[in-house]
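Working notes, structure below.
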Amino acid sequence: MIEPKNIVDSLKEVDWIKAMQDELTEFEHHRVWTLVPKTQGKTIIGTRWGFQEQMDEDGIIIRNKARLVAQGFCQLEGLDYDETFAPVARLEAICLFLAFSSFKNFKLYQMDIKIAFLHRDLQEETPRPWYDTLASYLLSSGYKRGK
């Protein structure tokens, strides 16, 4: 199966429809949004679906993942919103998570960290330097890189 490029392509495959439904179910479960009536003079935020096949280390597709994201770029600061928030993973939180998983003898396969940059100087504005910093720290702390 090939990752769909748009919603029309995704609606042709049962697995992608299920992935989209799973995403919407998670929204409901975590109560991350509320449908409200349109307010006069305010811009409506559009949405877009993103699709990705998640594979194991052998390259076998283990799951289809669909993400519904907001297109906030169409809003104007001061008119449509006053504040913004960005999730940031603190190094202390990651250390606590890894220490707890080690203490409980949990086996970690992957950590998904979205839009998370540590409080340090980076040479470029991409997740790659952040990942390199985290990987160096974990390797120097005795963790081993998976295949």
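The values are calculated or read from the model by the stated rules, or taken from the named source; none is laboratory data. These figures come from a predicted structure and were not determined experimentally. Cβ placement follows ideal geometry from the backbone for every residue including glycine, while neighbour counts extend to all protein chains displayed. The protein model used for the area step is the full one, side chains on, heavy atoms only, and it has no ligands, DNA or RNA in it. Shrake-Rupley method; radii C 1.70, N 1.55, O 1.52, S 1.80 Å.
Observations, loosely collected:
- Scanning segment 6-32 for residues that are of a type in the set (Lys, Arg) and free of Cβ contacts under 8 Å to residues at least 24 places away in the same chain yields LYS12, ARG31.
- Scanning segment 39-53 for residues that are over 16 Å from ALA70 (Cα atoms) and open to solvent by 100 Å² or more (accessible area, probe 1.4 Å) turns up GLN40, GLN52.
- Test: LEU35 is open to solvent by 80 Å² or more (accessible area, probe 1.4 Å), touching a helix residue (DSSP H, G or I) at 6+ places or on another chain (Cβ under 7 Å) and free of Cβ contacts under 8 Å to residues at least 12 places away in the same chain: no
- Residue-level check: of (1) closer than 25 Å to PRO4 by Cα; (2) at pLDDT 85 or above; (3) in a loop (DSSP other than H, G, I, E, B), LEU68 misses just (3).
- Selection from segment 5-32 of residues that are of a type in the set (D, E, K, R) and either within 10 Å of ALA66 (Cβ to Cβ) or surrounded by 11 or more Cβ atoms within 10 Å (Cβ to Cβ) (or both): ASP9, GLU13, ASP15, LYS18, ASP22, GLU23, GLU26
- For segment 31-52, filtered to residues that are part of a loop (DSSP other than H, G, I, E, B) and among the polar types (S, T, N, Q), the residue that is nearest to TRP16 (Cα to Cα) is THR34.
- The residues of segment 113-147 that are at pLDDT 55 or above and either more than 26 Å from MET55 (Cα to Cα) or part of a loop (DSSP other than H, G, I, E, B) (or both), listed by number, are THR126, SER140, SER141, GLY142, TYR143, LYS144, ARG145, GLY146, LYS147.
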